[in-house]
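**Student:** This is the structure I want to talk about, given as structure tokens.
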Amino acid sequence: MLTQNKETILMEYAAGALGPECDLLIAAYLTLSPEARDFVATCEDIGGALIEHICDPENLSSGCLEAVLSKLDGCTNDECNEIEACIVSCLRSEEPLPLPLLHHLAHHEKTLKWKHLFRGMEWLEIATDTKGQTSAKIIRCDPGFVLPHHRHQGIEITLVLEGAMEDHTGRYVRGDIAVMDSEISHEPMADRQTGCLCLTVNTQPMRFTGLFTRLLNPFL
């Protein structure tokens, strides 16, 4: 069960206990945060030591490594570079995108399409292999855009890729993650100068709480 504690989420990532949407966000986060990388590496070392202590070694079949590596084949370097350049152009990103996110989008580049809900905000739905409630989106907000007051039915994790955003819980800049649970209702605002580009994962749809914006909830 995903919790609001950032360290717990990182431990769940190290243990392989998160879903693909959260895995993607945390992998992107680790490329931007040396402290988080060190924490996850420590968790993996502890987990590896426990496995070595508890489990007996197993012999792998011959050719096992080659079989795994063969499944990693994809497009050529030139093809990947061309696709990734198109993605950066599509996102209009001035900052380097985390490689895990860039590579994931490269495998789904034909499905990338901006959608709009409010003037000043647009988002891209990110395809994953799951069909559950959890969703991942890249959200772009114009400078000064305020997302109407809302709360979350589950957990929301937001990684800032470019610019900054802020609410009553604090200010978040590139490389920061904000973790919100169902106890928090907020009205985040994009930086007035730079706007904000974020990767967001929701375990359940959010719910607007304003008098008029509640009418949008069935469309979420």
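Derivation of every value follows stated rules applied to the coordinates shown; laboratory data play no part. Worth saying up front: this structure is predicted, and the values here are computed from it rather than measured. Reconstructed Cβ throughout: ideal geometry from the backbone, glycine too, with neighbour counts over all protein chains shown.
**Student:** Enter the per residue convex hull volume of segment 112-200, computed from alpha-carbon coordinates, in Å³ rounded to the nearest integer.
**Tutor:** In segment 112-200, the Cα hull volume divided by residue count equals 96 Å³.
**Student:** Can I ask one more? Whole number please: convex hull volume per residue, Cα atoms of segment 147-198, in Å³.
**Tutor:** Details: hull volume 3.4 nm³, N = 52.
Taking the convex hull of the Cα positions in segment 147-198, it is 65 Å³ per residue.
**Student:** Mind sorting 180, 11 by how few other Cβ atoms lie within 10 Å of their own Cβ, fewest first?
**Tutor:** Starting with the residue having the fewest Cβ neighbours, the order is 11, 180.
**Student:** For the chain, take every pair of Cα atoms, bin their distances at 5 Å starting from 0, and report each bin as a whole percent.
**Tutor:** Bins of 5 Å from zero give 1, 6, 12, 17, 18, 17, 12, 7, 5, 3, 2, 1, 0 percent of pairs.
**Student:** For the chain, find the longest principal axis of its Cα atoms and tell me its angle to the long axis of helix 20-32, 0 to 90°, nearest 10.
**Tutor:** It is inclined by approximately 90 degrees.
**Student:** Per DSSP H run of at least 4 residues, take -39500 (n - 2.57); add these up for the chain, divide by its residues and hand me the 222 nm value, nearest 500 deg cm²/dmol.
**Tutor:** Taken over the chain, the calculation gives -10500 deg cm²/dmol.
**Student:** What is the order of 185, 33, fewest Cβ neighbours within 10 Å to most?
**Tutor:** Arranged by neighbour count, lowest to highest, 185, 33 become 185, 33.
**Student:** Sticking with this structure for a sec: Going by how many other Cβ atoms sit within 10 Å of their own, how do 110, 137 line up, fewest first?
**Tutor:** Lowest count first: 110, 137.
**Student:** A further question follows. Using only Cα atoms and rounding to the nearest 10 degrees, what angle (0 to 90) does helix 77-91 make with the longest principal axis of the chain?
**Tutor:** 20 degrees
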